[in-house]
Amino acid sequence: QEHLVESGGGLVHPGGSLRLSCAASRRLFDTYTMAWYREAPGKERELVARITAFGGTYYTYSVEGRFTISKDYLKNTVNLQMNSLKPEDTGVYYCNVYGEDLWGQGTQVTVSA
């Protein structure tokens, strides 16, 4: 089915890790660039990372070196491994077909002591 379902959010301490997953159809993963966005309280939704159909990746500067986006073709998921989390990483994280108005429901990530 051509819809997106996120999972993996939760509450972690600063310096901790979370792994987010986005389930979608194989057609989407094979054809389109997939992306993760986040929306912090009082802020506009921002691009966090994206991965092309061929595996090329992009990260926003604030997460470079801490987050890794990847695809799992066995499970038809796009994943976001988040390490060394900071309080400013807090927000609702959304999976997206990049450049299209196709979004998941969002998963909450809270980084707090």
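Shape annotation for the stretch 1-57: C-alpha extents along the principal axes are 36, 21, 21 Å, from largest to smallest.
Surface composition of the chain: carbon plus sulfur atoms contribute 50% of the solvent-accessible area (1.4 Å probe, protein chains only, all chains present). With protein chains left intact and a 1.4 Å probe, residues in the chain average 53 Å² of accessible area per residue.
For the stretch 1-52, chymotrypsin sites (Phe, Trp or Tyr not before Pro) are listed when DSSP marks them as loop and at most 14 other Cβ atoms sit within 10 Å of their Cβ; the list is empty. Here the extension length gained between residue 54 and residue 72 equals 5.2 nm, from 0.36 nm per residue of separation less the Cα-Cα distance. Averaging over all projection directions, the Cα-based convex hull of the chain occupies 6.5 nm² in the image plane.
Which whole-number percent gives the relative contact order of the stretch 8-76, counting Cα pairs below 8 Å spaced six or more residues apart? Walk me through the numbers before you get to the answer.
Details: 73 pairs, mean separation 17.0, N = 69.
Relative contact order comes out at 25 percent.
Applying both filters, DSSP loop and at most 13 other Cβ atoms within 10 Å, to the trypsin sites (Lys or Arg not before Pro) of the stretch 56-91 gives 75.
The values are calculated or read from the model by the stated rules, or taken from the named source; none is laboratory data. This one's a predicted model, so the numbers in the text were calculated from it and none came from an experiment. Ideal geometry is used to build each Cβ from the backbone, glycine not excepted, and the neighbour counts take in all protein chains shown. Accessible surface areas use protein heavy atoms only, side chains included; no ligands, DNA or RNA. Shrake-Rupley method; radii C 1.70, N 1.55, O 1.52, S 1.80 Å.
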